[in-house]
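The values are calculated or read from the model by the stated rules, or taken from the named source; none is laboratory data. Values in this document were obtained by computation on a predicted structure and should not be read as measured data. Note: ideal-geometry Cβ built from the backbone for every residue, glycine included; neighbour counts use all protein chains shown.
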Amino acid sequence: RAPRAPYVDPEAGAAVKAADRAHVFHSWSAQGLIDPLAVAGAEGAYFWDYDGNRYLDFTSGLVFTNIGYQHPVVVAAIQEQAGKLATFAPAFAIEARSEAARLIAARTPGDLDKIFFTNGGAEAVENAVRMARVHTGRTKVLSAYRSYHGATSTAINLTGDPRRWASDTGSAGVVRFWAPFLYRSPFYATTEAEECARALQHLEDTLAFEGPSTVAAVVLETIPGTAGIMPPPPGYLAGVREICDRYGIVFVLDEVMAGFGRTGAWFAADHDGVVPDLMTFAKGVNSGYVPLGGVAINAEIAATFETRPYPGGLTYSGHPLACAAAVATLGVMEDEKTVENAAHLGEHVLGPGLRELAGRHPSVGEVRGLGAFWALELVRDRETREPLVPYNATGEANAPMAAFGAACRKNGLWPFINMNRTHVVPACTLTEAEAKEGLAVLDEALFVADEHTVEGV
Ligand code: PMP
């Protein structure tokens, strides 16, 4: 079914693969158990290997190519910046950097008008926490289970994901709490309103026992992404905002994955009209063409550092190539109405299409999301909600998800798979025809997952 790739060169692919296997140490992997695909090229929502296979990328890399691969405007802007000024130290005012900061600040909500640049999401989270601690003079930080904030020391410690266990040595003052997730409610709630009220009460209780005057920050993904794309119930984020205000706690929203158009708004917080004190971003800011992330800082916290030095920095903060890519990306998103396209896809194509699949396939326990940001929760039993595979399953135990993934790839779709879920997170520039092509492949692959359900056996 997959269209042929633009060219075929298996020998070149084999050489790339051999050098990779000999020398590249891959993240999150048992090096001897992986078999990375050798990729020859990419364009728009597709990439291809050296063997004539082309894939529709329903992962946008790691949920970052919001405008797709190889956008000519962004590629040209990087080339132009490289010719003009390829690199320069962060202490200077550089056109690409100041322009990127101006454009980002114009899109972030409220008074989040100062931008601290980093090279990615984890560094953004590290610095947001540092800012909150220095600003408040407090050390404790609250973060949620079922979250992902990055793999550096503090960021992995804030991450409420089982992958944390192996590398987390604990960092002083991090306390985790439960954020709302109605499908597997930590509060045994049965309605959104109940889940919201109980989650807010749980945060209040956690603060009461930790001592609110010792807490520097509450850190949340606006919509938890890696952990399962779980939009919070209406009112939850506004409730957290109110609690943070009451206790003088810095409210940090992590928009590394959900920001820059992914949800059909510039930022996920825009849907709720909630303005955090600090907002972290990365990925979609320049579609990952050159590593870039940052923290958008509100006026009050920025004022703290007007006369007092900020105790942190990075050699490549606001790298000219990354910033030029951001300026170009933001221009493309305006010109091509990328944010509107993501909203349209979610409302009229992906949302209805995925719900239709859920109606037909007993393996789909829940469909949730918005924009170009969706998760299908695959289950063995829709009644009990038993996941299709256990948490952190490997080998035989993970066979049903592995078979589902293989069925997608065989038919030209590259799926995002995490535990018992597949996330549908394509480029925000995806066309309706491409979305329908992907939905048709998912439909077929779900029959494979259905075979592992109580209804299917
Ligand atoms: N925060 C969130 C919400 C993320 O999704 C990620 C990456 N998936 C990070 C932080 C970490 O970003 P990076 O991998 O660029 O360090």
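Summary table
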item: Check on A358, among the aliphatic types (A, V, I, L, M) and at pLDDT 95 or above; result: yes
item: Qualifying residue in region 40-57 (condition: without any contact (Cβ under 8 Å) to a residue 24 or more places away in the chain and farther than 30 Å from I156 by Cα); result: yes
item: Pairs, first within 14 Å of G313 (Cβ to Cβ) in region 81-96, second surrounded by 10 or more Cβ atoms within 10 Å (Cβ to Cβ) and of a type in the set (S, T, Y), C-beta under 8 Å, six or more apart; result: P90/Y316; P90/S317
item: Selection within region 263-319 - surrounded by 18 or more Cβ atoms within 10 Å (Cβ to Cβ), among the polar types (S, T, N, Q) and part of a loop (DSSP other than H, G, I, E, B); result: T263, N286, S287, N298, S317
item: Conditions (1) away from the ligand (no atom under 16 Å from the Cβ); (2) among the polar types (S, T, N, Q); (3) surrounded by fewer than 16 Cβ atoms within 10 Å (Cβ to Cβ); number of the one not met by S153; result: (1)
item: Residue match in region 280-294 (condition: without any contact (Cβ under 8 Å) to a residue 40 or more places away in the chain and within 16 Å of the ligand (Cβ to nearest atom)); result: no
item: Close pairs (7 angstrom Cβ cut-off, 6 or more residues apart or separate chains): more than 25 Å from I156 (Cα to Cα) in region 106-127, charged (D, E, K, R) and more than 8 Å from the ligand (Cβ to nearest atom) anywhere; result: P109/D270
item: Some residue of region 16-24 being loosely packed, with under 14 Cβ neighbours inside 10 Å, touching a residue at least 40 places away in the same chain (Cβ under 8 Å) and not hydrophobic (A, V, I, L, M, F, W, C); result: no
item: Checking A343 against (1) in contact (Cβ under 8 Å) with a residue 60 or more places away in the chain; (2) under 21 Å from I115 (Cα atoms); (3) of a type in the set (A, V, I, L, M, F, W, C), the condition it does not meet; result: (2)
item: Extreme residue, modelled with the highest pLDDT, among residues of region 157-207 that are in a strand (DSSP E or B) and of a type in the set (A, V, I, L, M, F, W, C); result: F177
item: Selection status of A217, buried (at least 20 other Cβ atoms within 10 Å of the Cβ), assigned to a strand (DSSP E or B) and not assigned by TED's automatic domain parsing to the domain that holds H348; result: yes
item: Unmet requirement for E210, which otherwise passes all of (1) in contact (Cβ under 8 Å) with a residue 40 or more places away in the chain; (2) within 16 Å of the ligand (Cβ to nearest atom); (3) acidic (D, E); result: (2)
item: Some residue of region 67-75 being buried (at least 16 other Cβ atoms within 10 Å of the Cβ) and within 16 Å of the ligand (Cβ to nearest atom); result: no
item: Members of region 227-264 that are away from the ligand (no atom under 16 Å from the Cβ) and small (G, A, S); result: G235, A238, G239, G248, G264
item: Matching residues in region 98-132 - criterion: being within 23 Å of E336 (Cα to Cα) and assigned to a helix (DSSP H, G or I); result: E99, A100, A101, R102, L103, I104, A105, A106, R107
item: Pick from region 156-170, criterion of a type outside the set (A, V, I, L, M) and closer than 24 Å to I243 by Cα, ranking: nearest to the ligand (Cβ to nearest atom); result: T159
item: Hits in region 227-258 (condition: farther than 22 Å from A124 by Cα and either more than 21 Å from the chain's Cα centre (by Cα) or modelled with pLDDT under 95 (or both)); result: G235, A238, G239, E242, I243, D245, R246, Y247
item: Flag if P224 is under 22 Å from L370 (Cα atoms), over 19 Å from the mean Cα position of the chain (by Cα) and touching a residue at least 24 places away in the same chain (Cβ under 8 Å); result: no
item: Members of region 205-239 that are under 23 Å from A172 (Cα atoms) and either of a type in the set (G, A, S) or in contact with a Pro (Cβ under 9 Å, 6 or more places away or on another chain) (or both); result: A208, G211, S213, A216, A217, L220
item: Selection from region 170-191 of residues that are within 22 Å of the chain's Cα centre (by Cα) and buried (at least 18 other Cβ atoms within 10 Å of the Cβ); result: V174, R176, F177, A179, P180, F181, L182
